[in-house]
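Enquirer: Take this structure first; my questions come after.
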Amino acid sequence: IPVEKIPNWKDAIPLFTDPNAPGAKYGWPMSQTYTDDAKTAFKGVPTFFNFEAMGYNQAKIPGGIDSYAALFDPKYKNKVTIWNDAVWTIGMTANYLVASGQMPAPATNIGDLSTSEVDTVVAYLTKKKQEGQFRAIWSDYGQSVNLLASQEAWLADAWNPAFNDAARQSKLPLIYINPKEGNRPWYMSIALSKKAKNPEGVYAFANWKLGGWYGAQIAPLGYYSPTTTVKAAMEPAAYEMWYGGKGRPAGSYDERVANVAYWPGWPQQYEYYLAKWSAFLAS
């Protein structure tokens, strides 16, 4: 998609335009956004993004948590849920193990482990699973919401919006945090099919999503817009909460983007990740 076809991209935030911006790591996200170094065309137009981490039920854990370590702490045995995803959960665990000194830093980056590094991480997860640490390994959004709202799980490596939905449903103090080991960002984009019969319609749709109104609607769900146009489309108090972090335990946008650990991508050993993850689930 030619950048010139998306006029609202002129208001894009530094994360998607400056390779040295806070939050940019290992070439991400720009290497996945543009087709060329000159940034003349998109692989896909970013339309919203977020920083994933973990959270907890403050009613059950009043002291507070600031680390992924809580997910593996024996005192929360059978009250933890983690995501059924080979890439994301192996990466999250590796990030914690490296940060806590239980595993050497990987040869490449946390999101692209070697087979031996995957073995180390999965062995750790398997040991915790066999000890009964995990109440469940959630596979879909609704399941994670229900586990939190029902208080079957007190801690979760889950999506920020799932915590928001569970809190609204249950009225529980479900707190999403910005862990000291760092968070894991991602973004959604619109790409153009080679068989598209209406390319101009695709351009218009992508441009509309960056016009401010759409970003304002998804902010209360916990998502961010890639452009600054969202600010003018939100009430000042709402913007101060969702972007400024006022009253939001996960912190402000600036705090979260400064705390990026790595961008989960497509590891070179992807098939090995899947094979080891299947073995973990069966253990």
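The values are calculated or read from the model by the stated rules, or taken from the named source; none is laboratory data. Because the structure is predicted, anything quoted here is derived from the model rather than measured. All Cβ positions, even for glycine, are placed from backbone atoms using ideal geometry, and neighbour counts span all protein chains on display. For the accessible areas, the whole protein counts, side chains as well, though only heavy atoms, and no ligand, DNA or RNA atoms are used. Shrake-Rupley method; radii C 1.70, N 1.55, O 1.52, S 1.80 Å.
Enquirer: Obtain the nm distance between the two label points defined at Arg168 and Ala232 by a simple spin-label model: each point lies 7 Å from its Cα along the Cα-to-C-beta direction.
Expert: Taking the two extended label points, one gets 2.7 nm.
Enquirer: Between Asn78 and Lys246, what FRET efficiency follows from the Cβ-Cβ distance if R0 is 51 Å, with the result rounded to 0.05? Kindly include the intermediate steps, with their values, before the conclusion.
Expert: Numbers: r = 35 Å, r/R0 = 0.69.
Computed FRET efficiency for Asn78 and Lys246: 0.90.
Enquirer: Then there is this: Can you send over the carbon and sulfur percentage of the accessible area for region 49-101, probe radius 1.4 Å, protein chains only?
Expert: Numbers: 730 of 1690 Å².
Whole-percent figure for carbon plus sulfur exposure: 43.
Enquirer: Report the label-to-label distance for Asp140 and Ala59 in nanometres (one decimal), using points 7 Å from each Cα along the Cα→Cβ vector.
Expert: For the pair Asp140/Ala59, the computed spacing is 2.6 nm.
Enquirer: Grab the other residues whose beta carbon is less than 10 angstrom from that of Ser67, score K and R as +1, D and E as -1, and report the net. Numbers along the way, then the final one.
Expert: Numbers: positive: Lys180; negative: Asp66, Asp73, Glu181.
Overall, the nearby charge balance is -2.
Enquirer: Enter the accessible area per residue of region 141-217 (Å², integer; probe 1.4 Å; all protein chains in place).
Expert: Counting only protein heavy atoms, the per-residue value for region 141-217 is 47 Å².
Enquirer: A further question follows. Full-extension gain between Gln268 and Glu152, please, as 0.36 nm times their residue separation minus the C-alpha to C-alpha distance.
Expert: Numbers: separation 116, 0.36 × 116 = 41.76 nm, distance 3.59 nm.
So the extension gain works out to 38.2 nm.
Enquirer: Put +1 on the Cβ of each Lys and Arg and -1 on the Cβ of each Asp and Glu in region 169-283; which of Ala258, Ala279, Ser225 then has its Cα farthest toward the positive end of the dipole?
Expert: Checking the options against the dipole of region 169-283, the answer is Ala279.
Enquirer: How large is ³J(HN,Hα), in whole Hz, for each residue of region 47-57 in order, when computed from phi with the Karplus curve 6.51 cos²θ - 1.76 cosθ + 1.60 and θ = phi - 60°, using x for Gly and Pro?
Expert: 10, 6, 7, 7, 10, 8, 7, 8, x, 8, 8
Enquirer: Taking just the alpha carbons, could you work out the radius of gyration and Dmax for region 184-275, both in angstroms?
Expert: Cα-based Rg and Dmax for region 184-275 come out at 16.9, 48 Å.
Enquirer: Looking only at region 1-159, where both bridge partners belong to it, what percent of the DSSP beta bridges are antiparallel (to the nearest 5)? Write down the numbers at each step before the final one.
Expert: Numbers: 6 of 12 bridges.
Antiparallel: roughly 50 percent of the beta bridges in region 1-159.
Enquirer: Name the residues of region 198-232 whose amide N is less than 20 Å from a point 7 angstrom out from the Cα of Lys10 along the C-beta direction?
Expert: Once the point is set 7 Å along Cα→Cβ of Lys10, 203-215, 226-232 turn out to lie under 20 Å by backbone N, inside region 198-232.
Enquirer: In the structure displayed, which of Lys180/Lys231; Lys43/Lys194; Lys43/Lys246; Lys79/Lys246; Lys60/Lys171 lie more than 23 Å apart, Cα to Cα?
Expert: Details: Lys180/Lys231 28 Å; Lys43/Lys194 12 Å; Lys43/Lys246 35 Å; Lys79/Lys246 29 Å; Lys60/Lys171 14 Å.
Going by Cα-Cα distance, Lys180/Lys231; Lys43/Lys246; Lys79/Lys246 fall outside the 23 Å limit.
Enquirer: If you take every residue apart from Tyr253 with its C-beta less than 12 Å away from the C-beta of Tyr253, what net charge results, scoring Lys and Arg +1 and Asp and Glu -1? Don't skip to the end; give the middle numbers.
Expert: Values: positive: Lys231, Lys246, Arg248, Arg256; negative: Glu240, Asp254, Glu255.
Cβ neighbours under 12 Å give a net charge of +1.
Enquirer: What does DSSP give for the chain in terms of the percent of beta bridges that are antiparallel, rounded to the nearest 5? Walk me through the intermediate numbers first.
Expert: Working: 19 of 26 bridges.
Looking only at bridges with both residues in the chain, the antiparallel portion is about 75 percent.
Enquirer: While we're looking at this one, here's another question. Tell me, in nm to one decimal, what length is gained between Lys39 and Lys127 on full extension, where the rule is 0.36 nm per residue of separation less the Cα-Cα distance?
Expert: Working: separation 88, 0.36 × 88 = 31.68 nm, distance 4.59 nm.
Roughly 27.1 nm would be gained on extension.
Enquirer: Right, something else. In Å, what Kirkwood hydrodynamic radius results for the chain from the alpha-carbon pair distances?
Expert: Numbers: mean 1/r = 0.0503 Å⁻¹.
Evaluated on the chain, it is 19.9 Å.
Enquirer: In addition: For a quick check, take a GNM of the chain with Cα springs below 10 Å and name the residue from Tyr262, Tyr68, Tyr270 with the largest mean-square fluctuation.
Expert: Tyr270
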